[in-house]
Amino acid sequence: MRTLYKYLVRLHPPAFRREFAAEMLWIFDEAAESEGALSLCFDGFVSLARQWVLRSGSWKLAVAGMGACVQITAGGLIFLLLGQARGGAELQTHHASGVALSGLMRLIVWLVGAIVLMVIGASLWVRSFIARRMERAPGRYSLT
Amino acid sequence: MNEDPDPFLPLSPAALHILLCLAGDARHGYGIMQEVARQSDGRYKPGPGTLYDNLRKLMSQGMVEEDRRRSGDDDPRRRYYRLTSFGRRVLAADVERLKSVVREANLRLRGPHPRRA
């Protein structure tokens, strides 16, 4: 059970882990018998979720990603619906232009998806870069 | 450092208990957990995760600070925390707020019972 708790503590965000991991493990060693190792592990699990989801700001990234997906989907659907309503007959008569339209649509979706992925990747890289710099020179940089 | 306690009120139950624990003397994390359980007659027992999340917030707000003094036979993993003068003022302001809540509650609960419609 201690190993499980140790891994739970290790999975916390680096800043929190550096500051409190040793103490949390010490408390586990002291309190496992009186408080119950299972309840301490449960607390560690809740803490892990709290630190990553609420405190580290990762939820902002997730919300931004979801927002981007919703926008892309809605935009694509509107584009298709408008295209069908406006030029359904025209598309039927000019099948070649319909194929071109769906190809263009696919290209746009791929491009936007690639941009979203690049933004997410760059954000994660910048965060890890700042975290590394913070380790070298604490106090000069702040993630919050 | 913000000197006005009002923006920090009302304190969350966990923050109130932690500040109350530290009002007397510097304590380590496990000591705070035990004292909170004692204060609340065992009804509220914050785990280490909850405790350190709150301690971190209180430290960033300047209400709690680390006490570097330690005795020779202490476990090196132990860290002691103490209340700052600002933390003491925030605690006092929240206790005053709670007093007025209790006064109001007493007045209303002692008054005539509501009639049934």
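Going from the residue with the fewest nearby Cβ atoms within 10 Å to the one with the most, B:Tyr81, A:Tyr7 rank A:Tyr7, B:Tyr81.
Normalised by the number of residues in chain B, the mean separation of alpha-carbon contacts (under 8 Å, six or more apart) gives a relative contact order of 32 percent.
Computed over the protein assembly as shown, the per-residue total of -39500 (n - 2.57) for DSSP H runs of n ≥ 4 gives a 222 nm mean residue ellipticity of -24000 deg cm²/dmol, rounded to 500. Note on chain B: percent of Cα-Cα distances in each 5 Å bin, starting at 0 and stopping at the bin with the largest distance, equals 2, 10, 19, 19, 17, 11, 7, 5, 4, 3, 1, 1, 0, 0.
Relative to the dominant Cα principal axis of chain B, helix B:13-22 is inclined by about 50°. Among A:Cys69, B:Cys21, the ranking by other beta carbons within 10 Å of each residue's beta carbon, starting with the fewest, stands as A:Cys69, B:Cys21. As a length-normalised measure over Cα pairs under 8 Å and 6 or more apart, the relative contact order of segment A:2-55 settles at 50 percent. Going 7 Å from the Cα of B:Ser60 toward and past its Cβ, which residues in segment A:7-32 have a backbone nitrogen under 18 Å from where you end up? Only A:12-21 fall inside the zone, counting backbone N under 18 Å.
Give me the compactness ratio for segment A:2-55, meaning the Cα radius of gyration over 2.2 N^0.38 Å.
Dividing the Cα Rg of segment A:2-55 by 2.2 N^0.38 Å gives 1.05.
Its residues counted as N, the protein assembly as shown yields a C-alpha radius of gyration over 2.2 N^0.38 Å of 1.50. Computed about its Cα centre, the charge dipole of segment A:2-55 is approximately 400 debye, with only Lys, Arg, Asp and Glu carrying charge at their Cβ. Ordering B:Tyr44, A:Val53, A:Phe42 by the projection of their Cα atoms onto the charge dipole of the protein assembly as shown, which places +1 on the Cβ of Lys and Arg and -1 on the Cβ of Asp and Glu, puts A:Val53 at the extreme positive end. When B:Glu96, A:Glu30 are arranged by Cβ crowding within 10 Å, least crowded first, meaning fewest neighbours, the order is B:Glu96, A:Glu30.
Listed by chain and number, the lysines whose alpha-carbon sits under 22 Å from that of B:Lys45, ignoring those within fewer than 8 places in the same chain, are A:Lys6, B:Lys57.
Bear in mind these aren't lab numbers, they're just calculated from the coordinates by the rules spelled out. Quantities reported herein were computed from a predicted structural model and do not represent experimental measurements. Note that we place each Cβ from the backbone using ideal geometry, even for glycine, and neighbour counts take in every protein chain shown.
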